[in-house]
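The values are calculated or read from the model by the stated rules, or taken from the named source; none is laboratory data. All figures in this text were calculated on a predicted structure; none of them were measured in a lab. Backbone-built Cβ (ideal geometry, glycine too); neighbour counts: all protein chains shown.
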Amino acid sequence: MKYVHNGFLYIFDKKSSDGSKKMWQCKRKDQQCKARLHSNAFTGELVRVVGNYTHDSDAARIEVIRTVNILKRRVTDTTEGTAQVINNCIGNLTQAAQGQLPMLESLKKVVRRRRNQVQAPPPMPATLQDLRIPQEYQLYEYQPGLFEPFLLAALEGQMDNILLFSRNTNLDLLERSKKWYIDGVTHFATTKSDRDVI
Ligand SMILES: [Zn+2]
């Protein structure tokens, strides 16, 4: 028989003398751990934990991995500074998980590396034929992890390429509008490939 509490695994030891409680001991005897747990013998509910753990739970490790993934996600989704994004992610960690967190410096490295990946622009194409729109520029992330098309059309002509960036929801708006006001911005473009992109 096993009992799981906060990511710690217990094995059954014995019942209390009056039979109302079950006594469990922490499975990690290899760590000389003396932590014990009492549960209600009838409902299985936790009564109390006795003693301290000499080790971290597996749950803590899982929690840390999950937190680092949330951290990476948050770097992508927000413009928060390095310290702020870390504080926002590790603030709610359990004490066990905080004990297993990587050092602050390596968390900062995770944030910086991620931010560089996210913000690195694609190289300027030398010729029109070299122009490839990377996948992440072709999609619009309207909710974390949910994407819709953003590059709606890529038409290759003899002289010019036409790239149409929009969301379908924006096209719906246009379709339902009586008046359209149109502006041209191509005069901002300085090189040929800029014009091609705009
Ligand atoms: Zn233990």
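Quick check on my filter: what residues within the range 7-42 are surrounded by fewer than 13 Cβ atoms within 10 Å (Cβ to Cβ) and either in the same structural domain as Glu63 (by TED's automatic domain parsing) or within 14 Å of His55 (Cα to Cα) (or both)?
Across the range 7-42, the qualifying residues are Lys29, Asp30, Gln32.
Count, please, the residues in the range 138-172 that happen to be assigned to a loop (DSSP other than H, G, I, E, B) and surrounded by 13 or more Cβ atoms within 10 Å (Cβ to Cβ).
The initial filter retains those residues of the range 138-172 that are assigned to a loop (DSSP other than H, G, I, E, B), namely 144-145, 150, 157-160, 166-167.
Narrowing further to those that are surrounded by 13 or more Cβ atoms within 10 Å (Cβ to Cβ): 150, 166-167.
Of the residues in the range 138-172, 3 are assigned to a loop (DSSP other than H, G, I, E, B) and surrounded by 13 or more Cβ atoms within 10 Å (Cβ to Cβ).
Residue-by-condition table, conditions (1) within 34 Å of the chain's Cα centre (by Cα); (2) acidic (Asp, Glu):
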position	(1), (2)
Leu9	yes, no
Lys14	no, no
Asp18	no, yes
Met23	no, no
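Does the range 20-72 hold any residues that are among the hydroxyl-bearing types (Ser, Thr, Tyr) and away from the ligand (no atom under 14 Å from the Cβ), and which are they? Outline the logic, then answer.
So in the range 20-72, the residues among the hydroxyl-bearing types (Ser, Thr, Tyr) come out as 20, 39, 43, 53-54, 57, 67.
Those that are among the hydroxyl-bearing types (Ser, Thr, Tyr) and away from the ligand (no atom under 14 Å from the Cβ): Ser20, Ser39, Thr43, Thr67.
Take the range 85-107 and flag every residue that is among the hydroxyl-bearing types (Ser, Thr, Tyr) and in a helix (DSSP H, G or I). Show your work before the answer.
Taking the range 85-107 as the starting set, the residues that turn out to be among the hydroxyl-bearing types (Ser, Thr, Tyr) are 94, 106.
Ser106 - this is the single residue of the range 85-107 that is among the hydroxyl-bearing types (Ser, Thr, Tyr) and in a helix (DSSP H, G or I).
Please work out if Val75 is outside any loop (DSSP other than H, G, I, E, B) and more than 16 Å from the ligand (Cβ to nearest atom).
Yes; evaluated as a whole, the condition is true for this residue.
For Pro125, state whether it is in contact with a Ser or Thr (Cβ under 6 Å, 6 or more places away or on another chain) and assigned to a loop (DSSP other than H, G, I, E, B).
On the way: in contact with a Ser or Thr (Cβ under 6 Å, 6 or more places away or on another chain): yes; assigned to a loop (DSSP other than H, G, I, E, B): yes.
When the stated conditions are applied, Pro125 passes them.
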